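The values are calculated or read from the model by the stated rules, or taken from the named source; none is laboratory data. Small disclaimer: the values here were computed from a predicted structure and weren't measured. Note that we place each Cβ from the backbone using ideal geometry, even for glycine, and neighbour counts take in every protein chain shown. Just the protein is used for accessible areas: all its heavy atoms, side chains included, with ligands, DNA and RNA removed. Shrake-Rupley method; radii C 1.70, N 1.55, O 1.52, S 1.80 Å.
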Amino acid sequence: MKEKNDHERQLREALLKIEGVLSCITGKEGPLAASPKEEPSADEGLPPEQLGCSIKSVPPRLAKLAAETARRVNPVNGPVLGRLAELKAPTDFHPQFLTIVVSKYWGPSPRRLTVSFMEATPADLRARIVSHMNAWAKTTCISFVETTGVGTVRIARGAGGYWSYLGTDITLIPKNRPTMNLQGFTMNTPESEFRRVVRHETGHTLGFPHEHMRKELVSRIDPQKAYLYFLKTQGWDKATVDAQVLTPLNDQSIMGTPADQTSIMCYQLPGSITKDGKPITGGVDINTTDYAFAGKIYPKPLLGLTPEPALADHLELAVDTTDWDEAEDVPDAERDATIEATLLPSHGPTDRYPELAGTALANHA
Amino acid sequence: MARLIDTQSLPELPSQITLSPGDVLVLQASGGYVQTGDDVLEMLGAYQPGLLQAAGTVLSPMGAPGTVLLRALQPGQATVNVVMGDPWFSPETHTLGVIVEV
């Protein structure tokens, strides 16, 4: 009986918290809050405008640590490709600034991106390309659908190699220009190339940069060997080799899993340019880590619940950066323990992806 | 007057091209290098596409270079290796003969 009462009390507390968040957005009080309270609220007596949702920010001296912590909890919270540096006043931001302004990720809400083709393309080829793009939808909430109009993703098959703009950058490209290029793809192209190239370029569209530019992999490359190799095979000058191969992604832009040379986002590099003589094997298809990580940052809705895409738009972003004494800062170990304690055992990666049980993946998520 | 010569209209490159001094040849390729006659033909570089944004910044896609520029310097003959396809996986090299004449 006592257990049942405890359970009901916990359930009521949880519902009250949810209702509190909703009332912040809608401005309406819910039925639970209207019922008698067991304890007086600390907010009682304040005027209504001071009861709204305001977001408290950590003191500026802890902003970097807060960002690092947020990124550890969820990689989406990390800024991408250092665009923060382009802004004039990088310290003048509210807590949601990094993910809203800087990130090229599409966000956690389910999305369907339309796809069109720049050249006349046979229907079977169009369907085949889109089906490979949708391989990512196996674990993510992002899917692709062909449109007869102008798509958000616009694919060309002309000269120029394989490339794609990164994540939400595709929305910045003029509608008469492609966002992705798949040079020479036809129905005669081997299936393995559809897996390797179309899925790789679609990964860029989802916001994933090149895995071979992770510093762990870049550090394996001997720069002098690389300069010579690409000069001989491609005619690339030093600056091009630096940009394509030797410049590691900024720590602030990486995706959260350990560097993975079999990721679909990793190119193949020969052993002749590495320090240990072993090649960087490169990925030929989306691997289990890719699938799991993509599913983590673009989560499929669970239990029929759909994240509210416009939630952030409704929040009043009043920022309070009141500082406290530095001696009161939470020690690292305590902070780690707190983060660990928030994990629900029933929502581990192997629960969502049972086929991954027993793999190293559990350490990544 | 020097010309900017586009090759996109051709499905395949011819084996030989005739240019005038000062001409710039635009090839859709990931790389290339002058094999013989570097006093006749100069490789300006391999370039990624880029789009100018209203804010004055340039946006480029993720991917290898897709355009190679070559400039004719003076009359003579040169051969150039043009690298096409995926530079990471299965690059294909085509040899192109170039005659530069006034």
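Give me the net charge for the shell around residue A:272: Cβ to Cβ below 15 angstrom, other residues only, Lys and Arg +1, Asp and Glu -1. Each step should come with its number before you reach the end.
Working: positive: A:220, A:225, A:232, A:275, A:278; negative: A:222, A:276.
Result for the local shell: +3.
Rounded to the nearest 100 Å², what's the accessible area chains B and A bury against each other, both chains counted, probe 1.4 Å? Spell out each step's value before the answer.
On the way: alone 6490 and 21270 Å², together 25250 Å².
So the total buried area for this chain pair works out to about 2500 Å².
A convex hull fitted to the Cα coordinates of segment B:1-46 yields 92 cubic angstrom per residue.
By the scheme Lys and Arg +1, Asp and Glu -1, what is the net charge of all other residues having a beta-carbon under 9 Å from that of residue A:231? Don't skip to the answer; put the middle values down first.
On the way: positive: A:232, A:238; negative: A:237.
Net local charge, residue A:231 excluded: +1.
The accessible area of residue A:288, taken with all protein chains in place and a 1.4 Å probe, comes to roughly 70 Å². Compactness of segment A:150-299, taken as the C-alpha radius of gyration over 2.2 N^0.38 Å, stands at 1.08.
A simple spin-label model places pseudo-atoms 7 Å from Cα toward Cβ; at residue A:143 and residue B:18 they are separated by 5.9 nm.
The mean sequence separation of alpha-carbon pairs under 8 Å and at least six residues apart, normalised by the residue count of segment A:111-205, gives a relative contact order of 33 percent.
Comparing each chain alone with all protein chains together (probe 1.4 Å, DNA, RNA and ligands left out), the residues of segment A:141-169 losing at least 40 Å² of accessible area are A:159, A:160, A:162, A:163, A:165.
FRET efficiency for residue A:247 and residue B:39, Cβ-Cβ distance as r, R0 = 25 Å, nearest 0.05?
Working: r = 33 Å, r/R0 = 1.31.
It comes to 0.15.
Simple spin-label estimate for residue A:171 and residue A:150 gives 1.6 nm between the two label positions (7 Å along the Cα-to-Cβ direction from each Cα). Computed over the alpha carbons of segment A:111-227, Rg followed by Dmax gives 15.2, 49 Å. Rounded to the nearest 10 Å², what accessible area does residue A:195 show when all protein chains are kept and the probe is 1.4 Å? The value for residue A:195 is about 90 Å². Note on chain B: GNM, Cα springs under 10 Å; of B:22, B:37, B:63, the largest mean-square fluctuation is that of B:63. If I model chain B as equal point scatterers sitting on the Cα atoms and use the Debye formula, what is log10 I(q)/I(0) at q = 0.12, 0.13, 0.16, 0.22 Å⁻¹? Here log10 of I(q) over I(0) equals -0.42, -0.48, -0.70, -1.13. The label-point distance for residue A:332 and residue A:123, in a model that sets each label 7 Å from Cα toward Cβ, rounds to 6.1 nm. Here the calculated FRET efficiency for residue A:109 and residue B:53, from their Cβ-Cβ distance with R0 = 25 Å, stands at 0.45, rounded to the nearest 0.05.
In terms of overall dimensions, the C-alpha atoms belonging to segment A:211-290 reach 35, 25, 21 Å along their principal axes, ordered largest to smallest. Counted by Cβ distance under 12 Å from residue A:119, the other residues give a net charge of +3, where Lys and Arg count +1 and Asp and Glu count -1. These residues, B:27, B:44, B:10, go from largest to smallest accessible area, 1.4 Å probe, as B:10, B:44, B:27. Run the accessible area of segment A:111-205 with a 1.4 Å probe and give the carbon-and-sulfur part as a rounded percent. Carbon and sulfur together cover 52 percent of it.
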